[in-house]
Amino acid sequence: EQNTIHFNYAYDLKLNEKLGLSLGISGGTDIYAINYQDLELRQVNDPFIFSNKNNTVLPDFNIGIYLHSNKIYEKKTFSSSETQKDFFVGISVQHILDVIIDNQITANDSYLKKHFNLIGGYTLPVNNELAFEANSLLKYLPQVPFQAEVGIKAKYMDSYWAGINYRSSNDIILKLGLFISDNFLIAYSFDLLTSKIPNKISHELVIGYRIQNQQKEIKY
């Protein structure tokens, strides 16, 4: 079992009227838990299963960079102009610390190896309220099979969204999200895994707060 507590920070830099660059960092702790009593052993009284240690708490940090285009458009349901991303591309690195996990089951320690992710997508507006976003994700981890993911997401008024993704390992991911206010968001994803692990369902809940830089607009 794995539980993660992370704090995320992102800064958006306007390069020009058409392009923006976002930088993000995530840090926190990962909590790994093993219930030894639930393990099904091929060998009774396995000598490697001797520890009473159930939890391991490790620091973890991630970093990413994200390039996107900006399109200013008027929403019929809003009184002000807002920014919609026409396309985006980004790269991120997870577990940049290469933290060592004290393995109590085997004689060798384990490592949180770096994960490299490349994302890209394009948003196609239908009208001032509805838009569809096609997205892709490529994952690379040394000594692990390459993984690809594609998906599509429908966004309504930039406040509600729902989407579905398909992963090359034959997994299906369902996503829902909404902005409760201009700055406060909540999102949920449901992963249906097809691997041979006993628990084939994964849940993820994201709660975020967006801090906007209030700048006065100078008109000429």
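The values are calculated or read from the model by the stated rules, or taken from the named source; none is laboratory data. As the structure is a prediction and not an experimental result, all values here were calculated from the model. Using ideal geometry, Cβ is built from the backbone for each residue, glycine included, and neighbour counts are taken over all protein chains shown. Note: areas computed on protein heavy atoms with side chains; ligands, DNA, RNA excluded. Shrake-Rupley method; radii C 1.70, N 1.55, O 1.52, S 1.80 Å.
So here's what we get for this one:
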quantity	calculated
Failed condition for Thr29, given (1) open to solvent by less than 90 Å² (accessible area, probe 1.4 Å); (2) assigned to a strand (DSSP E or B); (3) modelled with pLDDT under 90; (4) closer than 30 Å to Asn128 by Cβ	(4)
Given (1) open to solvent by less than 50 Å² (accessible area, probe 1.4 Å); (2) among the hydrophobic types (A, V, I, L, M, F, W, C); (3) at pLDDT 80 or above, index of the condition Leu174 fails	(1)
Cross-chain or 6+ apart pairs with Cβ under 6 Å, region 107-121 first and hydroxyl-bearing (Ser, Thr, Tyr), then at pLDDT 60 or above	Tyr111/Asp98; Tyr111/Ile100
Some residue of region 108-130 being modelled with pLDDT of 75 or more, over 26 Å from Lys175 (Cα atoms) and over 19 Å from the mean Cα position of the chain (by Cα)	no
Qualifying residues in region 173-187 (those that are of a type in the set (Val, Ile, Thr) and assigned to a strand (DSSP E or B)) - the one farthest from Tyr156 (Cα to Cα)	Ile173
